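Read the structure below first, then the notes.
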């Protein structure tokens, strides 16, 4: 199944580093039911393969509840750089 995703959508390596002082939740949502959710503590780096044009959301936590802090797009342009919060 993974080979089929690679051929149809093209997979891209994506890295994200939590430079903040609090934990965040990274969610990656892509085509064909692709979904990844991970908790990142400060200074953690997450590297994974995702279909091109997947949406990455970085969620923090405020006193009133979850807060969407950042929204990114997985593309071949950000393949060679580590994105930081």
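Within region 55-66, the set of residues being surrounded by 12 or more Cβ atoms within 10 Å (Cβ to Cβ) and over 11 Å from the mean Cα position of the chain (by Cα) comprises 60, 61.
Candidates are the residues of region 33-44 that are surrounded by 12 or more Cβ atoms within 10 Å (Cβ to Cβ) and under 16 Å from residue 20 (Cα atoms); the one that is farthest from the chain's Cα centre (by Cα) is 42. Of the set (1) modelled with pLDDT of 95 or more; (2) farther than 17 Å from residue 75 by Cα, all apply to residue 61 but (1). Filtering region 27-56 to residues that are in contact (Cβ under 8 Å) with a residue 24 or more places away in the chain, over 21 Å from residue 10 (Cα atoms) and in a strand (DSSP E or B) leaves 40, 45. Only one of the numbered conditions (1) over 11 Å from the mean Cα position of the chain (by Cα); (2) modelled with pLDDT of 95 or more; (3) assigned to a strand (DSSP E or B) is violated by residue 69, and that is (2).
The values are calculated or read from the model by the stated rules, or taken from the named source; none is laboratory data. In this text, all values refer to a predicted model and were calculated from it rather than measured experimentally. FYI the Cβ positions are ideal-geometry reconstructions off the backbone, even for glycines, and counts take in every protein chain you see.
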